Amino acid sequence: MSPNNSPTFEINKITFSYNNQIALKDVSLTVPQGERIAILGANGSGKSTLLKILDGLYFPQQGQVCAFGNELTEQFLQDETQAFNFRRRVGLVFQDPDVQLFSPTVWDEVTFAPLHLGLPRAEVIDRSEWAMDLLGITKLRDRAPHRLSGGEKKKVALASVLSLRPDVWLLDEPTAALDPRSQSRLLDFIGELRKEGKTIITATHDLDIVEEIADRVVMFCEEHEISGEGRPHDVLSDYARLVECNLIHEHRHKHDATEHVHHHLHPSSHEHRHEG
């Protein structure tokens with residue numbers, strides 16, 4: 001599709017609205033091949049919309065998005081060859097697996113995408129069995145996805161993308177609905193993708209996982225703009241910016257005549273900082 005040295009994505013001043021409600025405003029971002037990026041932001045800040053644009057499901061009303069050196073437009077994806085090359089390289093795991101899962105059985109779900117991209121049936125079977133085994137869902141093979149638990153559905157959604165073996169993974173709140181053991185396995189899985197040189201873009205407001213999944217953090221504010229970016233440790237240490245972006249909240253209380261401020265992470269993590 002493009003020269004090997006092209007960035008995975010180049011986003012230039014894109015804006016996107018739903019029914020005249022701004023979801024992304026003047027967003028620019030370059031994603032080199034093989035980079036792991038965490039997109040941080042409170043619910044409704046535009047993280048999911050950005051991933052859908054990168055997956056070619058939505059297209060910005062203003063600005064430009066390039067993928068692998070080619071402008072990503074509706075016209076570009078109407079070309080069957082271009083669409084095939086793009087779809088086999090980029091996989092999106094939705095925040096809500098019910099949006100993603102539609103087949104009668106787990107096996108049908110996991111095999112659907114590689115079959116419809118025209119891969120040989122024997123290869124599809126090998127890929128799908130490997131993906132299900134890796135995520136520990138082989139026993140669910142003949143179950144109906146809509147009858148599974150939230151965590152099981154999430155694993156099936158991951159397996160349906162894993163069977164494609166894409167170069168780029170777009171993960172929307174990947175730890176949502178997973179129990180602690182499954183969350184740990186997922187983080188291990190993301191670590192394996194890194195070793196394979198995959199590009200991984202994860203939208204999350206779970207600050208606990210950021211340092212494990214990202215080389216760089218891009219933070220969205222509630223005005224749907226990029227508020228800042230940097231290394232995970234630096235971004236997570238910027239308490240004022242995290243408060244501003246509604247990723248942690250301030251809890252005030254008094255000890256005698258002195259007021260203290262505790263910064264609380266919105267997820268399960270609990271980090272305190274006293275300001276006299």
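Where a number appears in this text, it was derived from the coordinates with a stated rule and is not lab data. Being a predicted model, the structure only gives us computed values, none of them experimental. Reconstructed Cβ throughout: ideal geometry from the backbone, glycine too, with neighbour counts over all protein chains shown.
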Which of 176, 122, 159 ends up with the largest GNM mean-square fluctuation for the chain, with Cα atoms connected below 10 Å? 122
Label model pair residue 240, residue 42: point-to-point distance (7 angstrom along the Cα→beta-carbon line) in nm is 1.9 nm
Could you calculate the contour length gain from residue 33 to residue 78, that is, 0.36 nm times the residue separation minus the distance between their Cα atoms, to one decimal place in nm? 13.7 nm
Using a Cα-Cα cut-off of under 28 Å, which lysines could be cross-linked to residue 155, ignoring same-chain neighbours fewer than 8 residues away? 47, 52, 139, 195, 198
Any chance you could give the angle, 0 to 90 degrees and rounded to 10, that helix 180-195 forms with the longest Cα principal axis of the chain? 70 degrees
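Can you give the local net charge around residue 90? Use residues other than it whose beta-carbon is closer than 13 angstrom to its beta-carbon, Lys and Arg +1, Asp and Glu -1. Walk me through the numbers before you get to the answer.
Working: positive: 52, 87, 88, 89, 165, 198; negative: 55, 167.
Here the charged neighbours net out to +4.
Report, in deg cm²/dmol and to the nearest 500, the calculated mean residue ellipticity at 222 nm for the chain, where each DSSP H run with n ≥ 4 adds -39500 (n - 2.57) and the sum is divided by the residue count. Each step should come with its number before you reach the end.
Working: 11 runs with 96 residues, N = 276.
So the calculated ellipticity at 222 nm is -9500 deg cm²/dmol.
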Global geometry of the chain, whether rounded, prolate or oblate, following the gyration tensor of its Cα atoms and the 1.5 cut on a/c: oblate
Which aspartates and glutamates have a Cα less than 17 Å from the Cα of residue 153, not counting those fewer than 8 places away in the same chain? 96, 98, 108, 109, 129, 133, 142, 172, 173, 179
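For the stretch 1-68, what does the relative contact order come out to in percent, with C-alpha contacts under 8 Å and a separation of six or more?
Numbers: 106 pairs, mean separation 30.3, N = 68.
It comes to 45 percent, rounded to a whole number.
What is the dipole size for the stretch 81-197, taken about its Cα centre, with +1 at each Lys and Arg Cβ and -1 at each Asp and Glu Cβ, in debye to the nearest 20?
On the way: 17 positive and 17 negative charges, 22 e Å.
It comes to approximately 100 debye.
Based on DSSP, what percent of beta bridges with both residues in the chain are antiparallel, to the nearest 5? Provide the component values of the computation, followed by the final result.
On the way: 26 of 44 bridges.
Roughly 60 percent of the DSSP beta bridges within the chain come out antiparallel.
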